[in-house]
Each structure stands twice: as C-alpha cells, then as structure tokens.
Amino acid sequence: MRLVLHGGFAEKGRTCLGIESGGYRLLLDAGVKTSARGRDYYPAISPAALRATDAIVLTHAHEDHLGALGWCIAEGFRGRIFMTPESRREADQCMRNYAEPEHVALVNHANLERLPVGPCALELGPLRIDTGRSGHVAGGLWCVVRDGQVTFGYCGDVVPASPVFTMDPLPACRAIAIDASYGDDAVAAPVRAAQVREWIAAHPEGCVLPTPLYGRSVELLGIVAGPVALAPGMREALRIQIDGCDWLAAGAAEMLATRLATATDWRPHTALPPAALLCHDGMGMAGPTRPILDAASAQRHPTLFTGHLPAGSPGESMVAGGLAHWIRLPTHPTLTENIAIIAACGAQTVLGHSCDHAVLSRLAAHLPPLRADLATGDSIDL
C-alpha cells in the first residue's frame, strides 16, 4: 500500500490523502486551504492523477476536507464519490462558501453515493474500508483501509471526548494518520470548555460567537449557560444535528433540544443582542458572520473565536488588533488523546495532518512513531 500526501501534511488545510494498492487509487478527502490563493488553495494533485483515481471518500463536510471536490471533478476526476447522507446535506453550504460557482454546479450534478457506517462499509477494488463515528460532527467518520496485507487508519477530524458527539474506537492498524490539529496541546476539553463558559458569563451585555454551521455550533450551544441568540441559518442547522441522535452522546439530544427551544432568532440590520450570538462561519470569511463582525468591530462588542483562524482571515485580524479574544475549544484531539488513540490501535507508523511543520515537530517529541519529516507532496510505502 502506498500513501500519497496531496494536502494537509506539514500544513493546515486542503487535506487530501491518496491510497494506491493493486492498481486501485483512492482519495480520502479533498479540502481547500483557506489561507492560500491560486493553485495552493487546492490539493497538490495533477489532472492526470485525478483522471486515474477510482474513488473519493469524504469523511465530513468541512471546507478543509470537502471544499475541493468540485475542483477535482473540473480537473478530470470521473470516479465514484462517497459521503454520509449528513455530509451530503451539509456539503451544499460548504461548497457555496468556499468553492467557485462552476465547481458547485459540478458537485450538484455528480452522483454522490451513500457512505455507510460500520465494519466493511465499502469494498472498492482490493480495498476493504471500515468506518466509525468521529465525534467531530454529525455524519463525520474515520476510515480504516485494508488491502489484505496492510491496515491503515485515517482519522480525518476526530474528537475522542466530545460531550455531545460520539466517537467509535478504531480497530488495530499497522499505520495511522492522526488529526494533529492541536499539536502538543495537552489541555483537556473540559478545562477549555470551562474557560469559554466563564468568558461568556463575564460578558452579560452579549457577545458574538462565530462557529462553523455544523459541528462546533452544537458544542457551543451545550456550553453557553445564559441567553443564546441565533443568526440566520443557525437554528435549522442545530435542529438537524440534534435530531440526528445516532451521532450524539447519551443524554445530549435532550439537553441540546432544551437549549435550542429557549434560543431567540436574531435578524440582520438590528442591534446586536444582549445574548451569546451564534453565527457562521467560524473564521469570518463567509456567511452571516462577515457583516456581524463588521458591526462588532465598530462597536467593540465582545467577540470570541474558538477555532482555527487562517492567516489574513477577519477573525485573525480582529484578534491581532485586540478587537476579539480567542480560546481554543477542543474539537480535535489533545496530545493525551492522540497518545491514547495510537496506543489503542497499536500503529507502528504515524502520520499527522492539519498542522504546520513546527507544530508537527513538537508533537513528534511526544510520539516517537510520528513521521514529522513527511509533508504534502511526499509518499510512503507501508
């Protein structure tokens, strides 16, 4: 089995991993790099390689894992495409925010096949693929790929200890690609959640909480103890996720439904509310968040970012200028959790995606099997 790193390795964004075995070629994810422009916005894969690719499996519908799907089709990909029904539902909004209109149209006309959840979810050529819930978002999966000789685990984005989503344990793997988004950050999720909750409580006049439409939005709804307001599109996205009980932790659906029922709907062109206003996207690059952040900046209204802020994004600029705060809310594994994932599956070779080389190198000091020398453009034979 050969792994070809097309994006997301020693960099953040455009996550895309190729698997080649027995003449069959598979891509896991096809994301964009929101901090880049031009060709580097898309995975580092040639049109010839895309034409030779047999299938794409998409782990979830966030832009750094799915936003380049239409570009792949435009560049020559003609194979099969798999994602969960939940990811399919969310893909439309993701593509509209982060893809060219012609690429959106190509995805809308593509045959998107259902990706099942469980052991032997797919058999593609010589490859057997197991899937499990990732704990990151409703419809989000990890994948384990077997070719009869090698078992390789791909985490995509995972959250082992989410209070609202469930992550299934991975089976034994010879090699694994971990979600290294947080590098060597070992602060536990409950500690960060408490910091976010305390920050919100310290701003009773209201605050703005930018968030992806799916995933972290539910995490934040569960954290906020006081009044909640919702920007356009947020209520329906939250309702859909809460109704997807198969993806939620025990008891989470009831708690979240109660919170949602008491939330109010905020309308554009009205005053920012005296409540925690959930709005998307989480970086200020698209969706209702952009004009909301303009208003918050002008009024010096409290604003808290809780996820990744690409260089040059409105969120990054606001934090750098002292107009917003940032507290990382763990929607990816901490150091302790990644150590536990590797120990549980017994992987002898470890790759890390979704962080830059400096962060990967620090993480490697704690994870001896981690190949911090590998980057986008490289390949490895297992």
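With Pro330, Pro314, Pro302, Pro310 as the choices, which residue is touching a helix residue (DSSP H, G or I) at 6+ places or on another chain (Cβ under 9 Å), at pLDDT 95 or above and not basic (Lys, Arg)?
Working: Pro330 fails: at pLDDT 95 or above; Pro314 fails: at pLDDT 95 or above; Pro310 fails: at pLDDT 95 or above.
Answer to the check: Pro302.
In the stretch 170-214, which residues are among the charged types (D, E, K, R) and touching a helix residue (DSSP H, G or I) at 6+ places or on another chain (Cβ under 7 Å)? Even if it seems obvious, please write down each step before you answer.
Keep residues of the stretch 170-214 that are among the charged types (D, E, K, R), which gives 174, 179, 184-185, 192, 197-198, 205.
Hits for the stretch 170-214 are Asp184, Asp185, Arg197.
If you take the residues in the stretch 102-127 that are in contact with an Asp or Glu (Cβ under 8 Å, 6 or more places away or on another chain) and in a strand (DSSP E or B), which one is nearest to Asp179 (Cα to Cα)?
Across the stretch 102-127, the extreme among qualifying residues is Leu127.
What helices (runs of 4 or more DSSP H) completely inside the stretch 212-310 contain at least 3 residues that are out of contact with any His (no Cβ under 8 Å at 6 or more places or on another chain) and within 26 Å of Ser181 (Cα to Cα)?
Details: elements: 216-223, 234-243, 252-262, 289-299.
Correct list: 216-223, 234-243.
Can you tell me which of (1) hydrophobic (A, V, I, L, M, F, W, C); (2) assigned by TED's automatic domain parsing to the domain that holds Met234; (3) part of a loop (DSSP other than H, G, I, E, B) is the one Ala347 doesn't meet?
(2)
Which pairs turn up if I take residues in the stretch 155-175 that are surrounded by fewer than 22 Cβ atoms within 10 Å (Cβ to Cβ) and look for partners that are of a type in the set (Lys, Arg) and part of a strand (DSSP E or B) with beta carbon separation below 9 Å, at least 6 apart in sequence or on another chain?
Note: pairs meeting the criteria are Thr166/Arg133; Asp168/Arg133.
If you go through the stretch 171-191, how many residues are touching an Asp or Glu at 6+ places or on another chain (Cβ under 9 Å) and part of a helix (DSSP H, G or I)?
1
Where residues in the stretch 16-28 are under 17 Å from Asp378 (Cβ atoms) and in contact with a Lys or Arg (Cβ under 9 Å, 6 or more places away or on another chain), which of them is surrounded by the most Cβ atoms within 10 Å (Cβ to Cβ)?
Ile19
State yes or no: is Leu209 surrounded by 15 or more Cβ atoms within 10 Å (Cβ to Cβ), in a strand (DSSP E or B) and either outside the structural domain of Gln195 (by TED's automatic domain parsing) or within 18 Å of the chain's Cα centre (by Cα) (or both)?
Numbers: surrounded by 15 or more Cβ atoms within 10 Å (Cβ to Cβ): yes; in a strand (DSSP E or B): yes; either outside the structural domain of Gln195 (by TED's automatic domain parsing) or within 18 Å of the chain's Cα centre (by Cα) (or both): yes.
Criteria met by Leu209.
Has the stretch 136-149 got any residue that is in a loop (DSSP other than H, G, I, E, B), of a type in the set (Asp, Glu) and more than 21 Å from Pro369 (Cβ to Cβ)?
no
Being touching a Lys or Arg at 6+ places or on another chain (Cβ under 6 Å) and in the same structural domain as Glu11 (by TED's automatic domain parsing) narrows it down to one residue among Val158, Val145, Val150; which is it?
Exactly one residue qualifies, and that residue is Val150.
Would you pick out the residues in the stretch 163-202 that are closer than 20 Å to Ala250 by Cβ and touching a strand residue (DSSP E or B) at 6+ places or on another chain (Cβ under 9 Å)?
Val164, Phe165, Thr166, Met167, Asp168, Pro169
The values are calculated or read from the model by the stated rules, or taken from the named source; none is laboratory data. Quick caveat: nothing in here was measured; it's all calculated off a predicted structure. A quick note on method: Cβ atoms are made from the backbone with ideal geometry, for glycine too, and the neighbour counts reach across all protein chains shown.
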